[in-house]
Amino acid sequence: MEFYCIDDFKTEFEKLISKKSYSSLNQDIIDYFFGKSFQELCSGTRLNNSDETPYIKKRLSGRGGFRVYFLLIMKDENLYLMFVHPKTGSMGSDNINDESKAYLYKKVLNCIKTNDLYKIELNTTNKKLFFIKV
């Protein structure tokens, strides 16, 4: 499986991991997404009715952790991370509104079409995610 993200995710991720109180985000993303099957990754709140391209909202690290939004494309076996936010702390917020969810969905589809993405790789030496512009 290949992992990609749009700039909204990358920007928010980098901003969050720079804060000590959110430093677990890198490991939380690795623990949840890497080494999992497509079926396992479908567990979350589905924001669309598609079985081929599910748009999912998932809670990471329990109730006070993070909320991540992503799109799975079954036929290509690709996962696209769209946005992440903490639920608590100085940068914590409630779930994003329906307008923002629709914006992210349209944006990721456009980014896939135009190849305006970052590929996400795992550095196995230091267990850090890194982003490569496609």
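The values are calculated or read from the model by the stated rules, or taken from the named source; none is laboratory data. Bear in mind that the values here come from a model prediction, so they are computed numbers and not experimental data. Neighbour counts are summed over all protein chains in view; Cβ atoms, including those assigned to glycine, are modelled from backbone coordinates with ideal geometry. With ligands, DNA and RNA removed, areas are computed over all heavy atoms of the protein, side chains included. Shrake-Rupley method; radii C 1.70, N 1.55, O 1.52, S 1.80 Å.
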Given the criteria over 20 Å from Phe3 (Cβ atoms) and loosely packed, with under 14 Cβ neighbours inside 10 Å, does Asp76 qualify? no
Taking region 50-75 on its own, how many of its residues are modelled with pLDDT under 90 and not aliphatic (A, V, I, L, M)? 6
For region 85-130, what are the residues that are open to solvent by less than 60 Å² (accessible area, probe 1.4 Å) and hydrophobic (A, V, I, L, M, F, W, C)? Met91, Ile96, Ala102, Leu104, Val108, Cys111, Ile112, Leu117, Ile120, Leu122, Leu129
Could you list, in sequence order, all residues of region 1-27 that are open to solvent by 20 Å² or more (accessible area, probe 1.4 Å), of a type outside the set (A, V, I, L, M) and part of a helix (DSSP H, G or I)? Asp7, Asp8, Lys10, Thr11, Glu12, Glu14, Lys15, Lys20, Ser21, Gln27
Would you mention how many residues in region 28-52 are farther than 19 Å from Lys101 by Cα, open to solvent by less than 70 Å² (accessible area, probe 1.4 Å) and more than 13 Å from the chain's Cα centre (by Cα)? 3
Pairs with Cβ under 6 Å, 6+ apart, first in region 1-26 and without any contact (Cβ under 8 Å) to a residue 40 or more places away in the chain, second open to solvent by less than 40 Å² (accessible area, probe 1.4 Å): Ile17/Leu25; Ile17/Asn26
Determine, yes or no, whether Ser24 is farther than 17 Å from Lys119 by Cβ and over 14 Å from the mean Cα position of the chain (by Cα). yes
When the residues of region 99-125 are narrowed to those that are under 22 Å from Gly65 (Cβ atoms) and not hydrophobic (A, V, I, L, M, F, W, C), which ends up nearest to the chain's Cα centre (by Cα)? Lys101
